[in-house]
1. Is one or more of the residues making up region 305-319 surrounded by fewer than 24 Cβ atoms within 10 Å (Cβ to Cβ), among the hydroxyl-bearing types (Ser, Thr, Tyr), touching a residue at least 40 places away in the same chain (Cβ under 8 Å) and over 27 Å from Ser193 (Cα atoms)?
2. Report whether or not Val254 is β-branched (Val, Ile, Thr), in a helix (DSSP H, G or I), surrounded by fewer than 22 Cβ atoms within 10 Å (Cβ to Cβ) and under 22 Å from the mean Cα position of the chain (by Cα).
3. Wholly within region 1-107, which helices (runs of 4 or more DSSP H) include no fewer than the required count, namely at least 2 residues that are within 30 Å of Asp268 (Cβ to Cβ)?
4. In region 100-119, what residues are closer than 18 Å to Phe321 by Cβ, out of contact with any His (no Cβ under 9 Å at 6 or more places or on another chain) and not aliphatic (A, V, I, L, M)?
5. Is there a residue being touching a Pro at 6+ places or on another chain (Cβ under 7 Å) and surrounded by fewer than 22 Cβ atoms within 10 Å (Cβ to Cβ) anywhere in region 93-113?
6. Give me the residue from region 273-295 that is of a type in the set (D, E, K, R) and part of a helix (DSSP H, G or I) and, out of that set, farthest from Ile62 (Cα to Cα).
7. Testing Ile155 on (1) buried (at least 17 other Cβ atoms within 10 Å of the Cβ); (2) in a helix (DSSP H, G or I); (3) modelled with pLDDT of 85 or more, one condition comes back false. Which one is that?
8. Please work out if Ile150 is more than 22 Å from the chain's Cα centre (by Cα), surrounded by fewer than 20 Cβ atoms within 10 Å (Cβ to Cβ) and assigned to a helix (DSSP H, G or I).
Amino acid sequence: MFNIDLNSTYTLILTIMLFLFGSILKNKLKFLNNFCIPSPVIGGLLFCILTLILNSFGILSISMDTSLMPYFMSFFFTVIGLGVSLSLVKKGGKLLIKYWLLCGLLAYCQNGLTVVLSKICNIHPLLGLMCGTISMEGGHGCAAAFGATIESLGIKDASSVGIAAATLGLILGGILGGPVAKYLIEKYKLKPSNKTNTYSPLKNTTVGVTNTYYGLTPFMFFEQFLLVLLCMTLGEFITTLFYNITNIILPSIVGSMFIAVIFRNVNDKTNIINIDLKLLDFLSELSLGMFLTMALMSVDLLKLSSLFGPIVFIIICQVIFMILYATIICFRILGKDFDAAIIISGMIGHGLGATPNAIANMTSVSQKYGHSDKAFLVVPLVGAFLLDLFTMPSIIFFINLLS
C-alpha cells in the first residue's frame, strides 16, 4: 500500500480544495441544494468515503496533520462570543428561554435513552453513556475528556467509543438538519418574516459596533483580527489557570468565548474600538467552513466500521429520537413558524454534532428559503454558550448514578 503523509500546509490546501469542490458540487447537483446539505459536509464526507475505498482495497493510505483544526474552531467560537451582548440576550426573550430549556431536557433524555438501550444491548451503561450527551451535544472534546474519566472507573475503550459516536453524530447532524427543515418549511408552507435581513448572526447596531465591509483597509482587517487572537490567547490562559487551580478540564473555547463576551459588553459601554461585525462574520464563516471540512475529511471510516453492533444501534436510536423530539415537540413549542423551522435545523446540528454544524445547517437552509434573525440569535447563544449549564450537570449526574 502506498502511504501519503500530509503536513499542515498540504492539509490546509486540501481542505480549501474540498470546500470549493463541495460548493461547486452543491450548485451543480440540484438534489444537494434542494436538501440544503452544507458545502463543507459535501466535500469533507466525499473525501473520507474515497479514502475508505482506497484504504480498504490496499491502494492508498493518507494521513493528515489536522493541528490547525482546533484554532479554526476556537476562532469561530470567539467571534460568536464577540456577538453576544446583554441587549442581544434580552432580545432573544421567551424564544431563547424556551429553546434553552428544550436543549436542557434533550441532554437528560439522551443520557436516559443510553441507559435503557445499554441494558437491551447487554453492555455496561457507562460505555453506552459515551453515546449520549457526552458525544452528541458535547462533541469530540467532551468525549475525550469524559472518556478518560470513565476509563479511570475501569471501563475500557470509553474514549474511542465516545470519539466514534461524536464523529458519526457530526456527520449525521450535518446531513439531516437541512432536509428536516426543508420538510417542515414545505409541509407547512412557511415564509420568512418581512422584517428579515441579510444573513449576519452577529448583526447589531450597538454603540461601538460598525458594519463596514466595502472599503476595507489593512489597518481595519488587522485591528479586528488582533482582537479575536487576543481573546483566544487570554481565553486559553484562563482555562489552563482554571485547570491548575481546580483540576477540572474545560475546553479552551469556553475561556475564549468568556473573554470575548466580557470584552463585547464592556466595549458596548466604553466604545474602546469599533467592532466590525460584517468583517468578523465573514471571517467566522471561513473558519467554520475550514473546521467542518477538515473534521469530516479526516474521519477514519475504516475504524468506525469495527463498532457496528450495540454502539451503532444506540447512535441510530439517538438520531431517530433527536428528529422526533425536534419535529414533534420542539417545533410546536417554538411557534411552528419559519423561525422555528430554521431553529430546528440548528438544533439537529448541535444536538447530534456541534455548534458549527448548527450554523452551517441554518446558513444552508437560509440561502434557499430566506433568513431568520431569531434563529441566528438564539441557536449560537444556546449551543455555544448557555447549553453547558445543562449538559455538564447531566453528564456528571449520570456518571455518578451508573458508577
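1. no
2. Working: β-branched (Val, Ile, Thr): yes; in a helix (DSSP H, G or I): yes; surrounded by fewer than 22 Cβ atoms within 10 Å (Cβ to Cβ): yes; under 22 Å from the mean Cα position of the chain (by Cα): yes.
Here the answer is yes, as Val254 does meet what is asked.
3. Values: elements: 8-28, 30-34, 39-56, 69-82.
Passing ranges, in order: 69-82.
4. From region 100-119, those closer than 18 Å to Phe321 by Cβ are 101-119; that's our starting set.
Going one step further and asking which of them are out of contact with any His (no Cβ under 9 Å at 6 or more places or on another chain), we end up with 101-102, 104-117, 119.
Scanning region 100-119 gives Gly104, Tyr108, Cys109, Gln110, Asn111, Gly112, Thr114, Lys119.
5. no
6. We begin by selecting, within region 273-295, every residue of a type in the set (D, E, K, R); these are 276, 278, 281, 285.
Now narrow it down to the ones that are part of a helix (DSSP H, G or I): 278, 281, 285.
Working: Lys278: 37, Asp281: 33, Glu285: 27 Å.
Step by step, filter region 273-295, then rank; the result is Lys278.
7. Condition not satisfied by Ile155: (2).
8. Numbers: more than 22 Å from the chain's Cα centre (by Cα): yes; surrounded by fewer than 20 Cβ atoms within 10 Å (Cβ to Cβ): no; assigned to a helix (DSSP H, G or I): yes.
So Ile150 fails the test.
The values are calculated or read from the model by the stated rules, or taken from the named source; none is laboratory data. It should be emphasised that the depicted structure is a prediction, and the values quoted were computed from it without experimental measurement. Quick reminder, even Gly has a Cβ in these numbers, built from the backbone with ideal geometry, and neighbours come from all protein chains shown.
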